[in-house]
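The values are calculated or read from the model by the stated rules, or taken from the named source; none is laboratory data. Owing to the predicted nature of the structure, the values given are computational and were not obtained by experimental measurement. Reconstructed Cβ throughout: ideal geometry from the backbone, glycine too, with neighbour counts over all protein chains shown. Please note that ligands, DNA and RNA were not included when accessible areas were found on the heavy atoms of the full protein model with its side chains. Shrake-Rupley method; radii C 1.70, N 1.55, O 1.52, S 1.80 Å.
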Amino acid sequence: MTGAVEQPQPGYEERLRAFTGRELRPLTPAQDPVNQPMIRHWAEAMGDTNPVYTDAEAARATGREGVVAPASMVQAWTMRGYAATVAPQPGGPDGFGELVALLDEGGYTSVVATDSEFTFLRELTPGDHVAVRETVESVSAEKRTGLGCGRFVTTLKTYIDQHGETVATQRWRTLRFRPAPAEAVPPAPALRPRPAVNRDNAFFFEGAQQHRLLIQRCTACSVLRHPPGPCCPECGSLEWDTVEAGGHGHVYSFVVNHHPRHPAFDSPYLVAVVELAEGTRLITNLTGIAPDEVTIGMPVVLDWLDADPDLTLPVFRPVPTEAP
């Protein structure tokens, strides 16, 4: 949330305090009574293998009359479901809707749950039909938190069975807060495209990390080759090693790239085929020279581009001319 927050109407604090003790949700029966299928689904979903939830004989062996529902299911029995949540409330907004609207008026438009405290008074068994009532216990003064300035809202849910007896209570606390304005963070610099590294060419990029220009050499016929490959194109041998190039060469060919643009490159940029003194050629970038100054055959020397901590690439620049 950015920009200025509208000031709440006069008497805001008094209107918030007036919610203490107010009923947000009148006594509302669960849509269904406690039943064995839902107990089984819950136990399976939670990975709870306690037999007292699914096996009547095992439950009776513990002194119970039959299977019982997991205690923490009490809230699930009274959840209204999606259809009831989106349906309009008869007679206008309920107490909960009014409280949320009042908090929104103060700019407390975001919410995060902080804690839930249950007290269980008895176990529920199939056939029990519970209802729930929710009231506001407190709305705190404004607090400064890591998420922003906000108010802690504590409500009390009371779960009552079909006989009118309380079976559980739940204190539910949320932080309704005013999001702090997001700080402008400059975008991270774009990374150069990653090379496709495989077991045939990994040595080349590993050498580049050490500022060594390694060229693949066939150990059977001594022919140098680049780009790297698994097999010598001259004799077909699969055996090879590497030699380190001296870093001198000349421009065999080049192009000036204007399109497509990429945020990691300053357009236009020079892409050249450099022929090394050792006889092999590689595709690289030219640096330290304007596009209209490049000529075919121009001598160049190796330089290194440490693009980021994970990528180093060989580039070439013109050989400096000696002053007369």
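Restricting segment 20-63 to residues that are hydrophobic (A, V, I, L, M, F, W, C) and touching a Ser or Thr at 6+ places or on another chain (Cβ under 8 Å), which is nearest to Arg133 (Cα to Cα)?
Filtering segment 20-63 down to residues hydrophobic (A, V, I, L, M, F, W, C) leaves 24, 27, 30, 34, 38-39, 42-43, 45-46, 52, 56, 58-59, 61.
From what is left, the residues that are touching a Ser or Thr at 6+ places or on another chain (Cβ under 8 Å) are 24, 30, 34, 39, 43, 52.
Working: Leu24: 8, Ala30: 11, Val34: 18, Ile39: 23, Ala43: 26, Val52: 28 Å.
It comes out as Leu24.
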Consider His129 against the criteria (1) over 30 Å from Glu13 (Cα atoms); (2) of a type outside the set (D, E, K, R); (3) modelled with pLDDT under 90: it satisfies all of them except one. Which criterion is unmet? (3)
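Within segment 213-279, considering only strands (runs of 3 or more DSSP E) that don't extend past its boundaries, which have at least 1 residues that are among the basic types (Lys, Arg)?
Values: elements: 214-218, 240-244, 248-257, 269-276.
Result: 214-218.
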Residue satisfying all of: in segment 146-180; assigned to a strand (DSSP E or B) and open to solvent by 40 Å² or more (accessible area, probe 1.4 Å); nearest to Pro29 (Cα to Cα) among these: Thr166
Return a yes/no flag: does segment 139-151 have any residue that is touching a residue at least 24 places away in the same chain (Cβ under 8 Å) and within 28 Å of Val74 (Cβ to Cβ). yes
For segment 1-80, list the helices (runs of 4 or more DSSP H) that sit wholly inside it and hold at least 1 residues that are over 30 Å from Cys149 (Cβ atoms) and of a type in the set (A, V, I, L, M); which are they? 36-46, 56-60, 74-77
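Within segment 229-266, track down each residue that is acidic (Asp, Glu) and more than 19 Å from Arg281 (Cα to Cα). Before the answer, list the steps.
As a first pass, look at segment 229-266 and keep what is acidic (Asp, Glu): 234, 239, 241, 244, 266.
Of everything in segment 229-266, those that are acidic (Asp, Glu) and more than 19 Å from Arg281 (Cα to Cα) turn out to be Glu239, Asp266.
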Counting just the residues of segment 269-282 that are out of contact with any Phe, Trp or Tyr (no Cβ under 7 Å at 6 or more places or on another chain) and surrounded by 14 or more Cβ atoms within 10 Å (Cβ to Cβ), which one comes out farthest from Ala190 (Cα to Cα)? Glu278
Would you tally the residues in segment 195-225 being of a type outside the set (S, T, N, Q) and in contact with a helix residue (DSSP H, G or I) (Cβ under 8 Å, 6 or more places away or on another chain)? 4
Checking Val315, Val301, Val255 in turn, the sole residue that is farther than 17 Å from Ala208 by Cα and at pLDDT 95 or above turns out to be Val255
What pairs can you find where one residue is in segment 13-42 and free of Cβ contacts under 8 Å to residues at least 40 places away in the same chain, the other is open to solvent by 80 Å² or more (accessible area, probe 1.4 Å), and their Cβ atoms are less than 9 Å apart, with a gap of 6+ or different chains? Met38/Asp32
(1) over 30 Å from Pro189 (Cα atoms); (2) aliphatic (A, V, I, L, M); (3) surrounded by 15 or more Cβ atoms within 10 Å (Cβ to Cβ); (4) touching a residue at least 24 places away in the same chain (Cβ under 8 Å) all hold for Val243 apart from (3)
Look through segment 203-220, keep the residues that are open to solvent by 50 Å² or more (accessible area, probe 1.4 Å) and of a type outside the set (Val, Ile, Thr), and return whichever of them is farthest from the chain's Cα centre (by Cα). Ala220
